[in-house]
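The values are calculated or read from the model by the stated rules, or taken from the named source; none is laboratory data. Here the structure is a predicted model, which means the values were calculated and not measured. Don't worry about glycine lacking a Cβ; one is built from the backbone with ideal geometry, like all the others, and counts go over all protein chains shown. Surface accessibility is based on the protein's heavy atoms, side chains included, excluding ligands, DNA and RNA. Shrake-Rupley method; radii C 1.70, N 1.55, O 1.52, S 1.80 Å.
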Amino acid sequence: MDGRILLTPQDRLDGLALLILRLGLAWFIFLWAAHKIITPKQYQSLARHIDGVDVSLGQVYAMGGVQIAFCVLAALGVLRCFSYGSLLLMHFFTITRRWEGFLDPFALNDRGFPVNRNQVIDLAVLGAFIALVLLIRRDHFSVGGWLARHDRPRWWM
């Protein structure tokens, strides 16, 4: 044998499930990051309104670019602990800024529209990110998983 580890049917099933989870989560964050590039003034307004800080257009573009880079790394499964963990931390930061919605999940605006339902989605996505990080060693269909199966250097973990 040349040092490669063969995948069992369960390994392949786990790998497929995590591939789908990883791509979905990377796409979720990518959409928000791409909107920073497409509509940077909206994010300037959000930073001023929610965080009370003024950011330049250049800073918004830079944040979006860095987030897109992390999304690409995560989608490929490169530097998995770093890339998956970075997306998890980004999303967790977003959640920490929206606590009031968790305390009133059924709030309606004056037209009867549920205004805090995105927080429910945010919690589900947070749970999915945590699961992805916890199951990183079962993520066989990624660059890092391929390197692990082929007994390559451990820089990818």
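Annotations
- Cut-off under 5 Å, modelled amide H: who pairs with N116 long-range: A107
- Here segment 36-156 exposes an accessible surface that is 68 percent carbon and sulfur, computed with a 1.4 Å probe and the other protein chains kept in place.
- Annotation: amide H-H contacts under 5 Å for H140 (H modelled 1.01 Å from N, sequence separation of 5 or more, or interchain): G15.
- Within the shell of other residues whose beta carbon sits under 15 angstrom from the beta carbon of G101, the net charge comes to 0, with Lys and Arg scored +1 and Asp and Glu -1.
- Rounded Å value of the spacing that divides the Cα centres of segment 1-47 and segment 72-117: 15 Å
- Amide hydrogen proximity for G77: with H placed 1.01 Å from N in the peptide plane, the residues at 5 or more positions away or on another chain lying under 5 Å are V143.
- Counting Lys and Arg as +1 and Asp and Glu as -1 over every other residue whose Cβ lies under 15 Å from the Cβ of L73, the net charge comes to +1.
- Residue separation of Q59 and T39 scaled by 0.36 nm, minus their Cα-Cα distance, works out to 5.9 nm of gained length.
- Accessible area of the chain divided out per residue, in Å², using a probe of 1.4 angstrom: 61 Å²
- Residues within the reach of a label modelled at F102 (point 7 angstrom out along Cα to beta-carbon, backbone nitrogen below 20 Å), restricted to segment 17-39, are 29.
- Solvent-accessible area of T96 with every protein chain in place, 1.4 Å probe, in Å² to the nearest 10: 50 Å²
- Phi angles of segment 123-136 translate, via the Karplus equation with coefficients 6.51, -1.76, 1.60 and θ = phi - 60°, into HN-Hα couplings of 5, 5, 5, 4, x, 5, 5, 4, 4, 4, 5, 5, 9, 4 Hz per residue; Gly and Pro are given as x.
- Calculated FRET efficiency for the pair F93/I20, C-beta based, R₀ 25 Å, to 0.05: 0.50
- Among 51-63, 117-129, the order from most to least packed when residues are scored by Cβ within 10 Å on average: 117-129, 51-63
- Figure legend: label point modelled 7 angstrom from the Cα of T8 along Cα→Cβ; residues of segment 110-142 with amide N under 14 Å from it are 138.
- An ellipsoid equivalent to segment 83-122, defined through the eigenvalues of its Cα gyration tensor, has semi-axes of 26, 9, 6 Å when rounded to whole angstrom and sorted largest first.
- Helical contribution to [θ] at 222 nm, DSSP H n ≥ 4, -39,500 (n - 2.57), averaged over the chain, rounded to 500: -21500 deg cm²/dmol
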